[in-house]
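Notes for the one structure printed next.
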Amino acid sequence: MSKTKDTATNPALAAAEPMMEWWQKQWSQGATPMARMQLAWMQSMAEAMQFEAELLKTLAENGQKIAQSFDGGAPQTPAEMQEHYQSLMSDLTDAHMERMKRAAELSHEFRRRIWEEI
């Protein structure tokens, strides 16, 4: 059955049709901004996960370097070990500070993305 034949035989459908069209338009317009906001949130979460992965990579690399220095076979003086350890901790501290800086910026970036979607 065609749409016009349905509304011609059922006056209730004919009366409700404008309301249904309006509702469908409102619903479809309302869902799009929510989907875009969710996309902005997901992008922010992906960036946060990337920061964490970069920190974990730095942790793993530094742990490996420390293990190699203890297992290197070549005798090192305590001063050399301390210098090596301080260098690795400096790298780790720098990576952590970069992570914290980017995490602080992430909040502002997320707000900007949401504002653009609104």
Checklist entry - Points 7 angstrom from Cα along the Cβ direction at Q76 and M34: gap in nanometres? => result 5.7
Checklist entry - With every protein chain present, what is the per residue accessible area of region 38-118 (1.4 Å probe, Å²)? => result 76
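The values are calculated or read from the model by the stated rules, or taken from the named source; none is laboratory data. The structure displayed is predicted, hence computed values, not measured ones. Note: ideal-geometry Cβ built from the backbone for every residue, glycine included; neighbour counts use all protein chains shown. When the accessible area is computed, the model is the full protein with side chains, heavy atoms only, and any ligands, DNA or RNA have been set aside. Shrake-Rupley method; radii C 1.70, N 1.55, O 1.52, S 1.80 Å.
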